[in-house]
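Only one structure is covered here, and it is reproduced in the block below.
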Amino acid sequence: MSHRDFLAIPDFTTAELHALFALAERMRAGAYDRRPLAGKSLAMIFMKASTRTRVSFEVGTWQLGGHALFLSPKDVQLGRGEPIADTARVLSRYVDGIMIRTYKHTEVQELAEHASIPVINGLTDLLHPCQILADVLTMRQHLGPELRDKVVAWVGDGNNMANSWVNAAWRLGFELRLACPAGYEPNAELLARARETTRVSVVRDPAEAVAGAHVVNTDVWASMGQEAEQDERQRVFANYIVDAGLMSRARPDAIFMHCLPAHRGEEVSADVIDGPQSRVWDEAENRLHIQKAIMAVLIGGESL
């Protein structure tokens with residue numbers, strides 16, 4: 001039996017992504033009452049801890065009629081050196097889908113290669129596709145469904161979030177401007193591919209990226225696993241704070257987003273993240289809706 005995985009945003013076509021957003025919006029509005037995961041189970045492997053990823057996938061699975069199993073490194077043999085391929089084969093005999101949140105992107109790819117059930121990328125060091133689809137869902141919610149005329153600004157590290165914004169721009173056609181310090185740019189291959197179809201620029205000055213933008217987005221300066229680099233990163237990113245002055249350069253109706261957790265006073269000022277332009281709580285909620293849509297399609301057989 002064939003199956004589909006969701007490891008990166010381009011795993012869905014442009015048309016499928018728009019259909020996925022529409023399905024998620026029906027779920028958010030309470031207009032979807034099917035339970036396509038009834039009798040099905042999702043294995044959730046967390047090599048990296050998370051609040052939003054765990055709660056949204058676990059609650060979402062239950063709301064669709066299914067059952068989610070939380071598996072930490074202490075709960076699975078992966079943490080003790082069992083080959084990923086063996087874990088994939090065994091879990092495929094027990095459950096109907098796997099969500100994994102881990103470090104190396106190659107681990108997710110290997111898991112998907114050897115699993116005979118759908119695998120969903122809950123985050124890797126390279127990509128964070130579920131989060132960016134939630135972010136785009138938030139854009140649609142507040143700025144309308146037409147994306148091709150929008151400008152998204154990213155301020156900070158060219159990390160897994162930035163890489164997934166690049167992938168989203170490639171598929172959905174909005175303009176993306178990334179303000180990153182030298183040496184902290186997004187993945188070069190993903191940038192080159194996106195530039196074939198839409199405007200994607202990397203600049204040093206956050207003010208240049210934010211000018212006239214519809215969306216201003218940032219993330220912590222040091223992600224999980226980078227704590228040893230905290231001091232150096234604080235020095236490098238000192239001028240990459242999204243404060244009221246920077247937000248004033250965006251459109252008057254621009255929205256601010258952050259995947260959370262946030263460090264107020266570092267990458268974003270409190271008056272921005274807690275201010276009237278912030279949509280971070282809608283954005284966090286939308287993780288639930290977009291992931292339910294993904295699971296309904298990949299595991300529950302819902303059509304797009």
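Every read-out reported here was derived from the displayed coordinates using simple, explicitly stated rules and does not represent laboratory data. Computed from a prediction, not measured in an experiment: that's the story for all the values here. No Cβ is skipped: glycine too gets one built from the backbone with ideal geometry, and neighbour counts run over all protein chains shown.
With a 10 Å cut-off between alpha carbons and a GNM built on the chain, which of Val55, Val200, Val119 moves the most? Maximum among the listed residues: Val55. 3J(HN,Hα) along the stretch 15-21, derived from phi through the Karplus expression 6.51 cos²θ - 1.76 cosθ + 1.60 where θ = phi - 60°, amounts to 4, 5, 4, 5, 5, 5, 4 Hz, with x in place of Gly and Pro.
Need one number for the stretch 1-101: average projected area of the convex hull over its C-alpha atoms, nm². Walk me through the numbers on the way to the answer.
Values: hull surface 29.9 nm².
Computed as one quarter of the Cα hull surface, the answer is 7.5 nm².
Can you order the peptides 122-135, 98-111, 62-75, 226-239 by their average number of other Cβ atoms within 10 Å per residue, highest first? It would help to have the intermediate numbers written out before the result.
Details: 122-135: 25.4, 98-111: 20.8, 62-75: 16.2, 226-239: 13.3.
The packing order, highest mean first, is 122-135, 98-111, 62-75, 226-239.
Sorted largest first, the spans of the alpha carbon positions of the stretch 256-296 along the three principal axes are 39, 18, 9 Å. Once the Cα atoms are used to define both axes, helix 52-63 deviates from the longest principal axis of the chain by about 50 degrees.
Residue by residue, the stretch 99-112 carries 3J(HN,Hα) couplings of 10, 10, 10, 8, 8, 6, 5, 4, 5, 5, 4, 5, 4, 5 Hz when phi is fed to the Karplus relation 6.51 cos²θ - 1.76 cosθ + 1.60 (θ = phi - 60°); x denotes Gly or Pro.
In this simple spin-label model, placing a label point 7 Å from the Cα along the Cα-to-Cβ direction at both Ser303 and Ala182 gives a separation of 5.6 nm. Rounded to the nearest 5, the antiparallel percentage of DSSP beta bridges internal to the stretch 130-284 is 0%.
Close amide H contacts of Val202 (hydrogens built in the peptide plane, cut-off under 5 Å, sequence separation of 5 or more or a different chain): Leu178.
Could you order peptides 148-158, 8-18 by the average number of other Cβ atoms within 10 Å of their residues, highest first?
On the way: 148-158: 22.2, 8-18: 16.9.
Descending mean neighbour count gives 148-158, 8-18.
Of the three principal axes defined by the Cα atoms of the stretch 57-190, the extents in descending order read 46, 38, 23 Å. For the stretch 130-284, a crude dipole built from +1 on the beta carbon of Lys and Arg and -1 on the beta carbon of Asp and Glu, taken about the Cα centre, is about 560 debye to the nearest 20.
Counting Lys and Arg as +1 and Asp and Glu as -1, each charge on the Cβ, what is the dipole of the stretch 229-294 about the Cα centre in debye, to the nearest 20?
On the way: 8 positive and 12 negative charges, 48 e Å.
So the dipole magnitude of the stretch 229-294 works out to roughly 240 debye.
Amide hydrogen proximity for Gly97: with H placed 1.01 Å from N in the peptide plane, the residues at 5 or more positions away or on another chain lying under 5 Å are Ser41, Ala43. Set the Förster radius R0 to 25 Å, insert the Cβ-Cβ distance between Tyr94 and Trp62 as r into 1/(1 + (r/R0)^6), and round the FRET efficiency to 0.05. Once rounded, the FRET efficiency stands at 0.85. Using only Cα coordinates, the Kirkwood hydrodynamic radius of the chain works out to 19.5 Å. In the stretch 130-284, the C-alpha radius of gyration followed by the widest Cα-Cα span (Dmax) gives 14.1, 41 angstrom.
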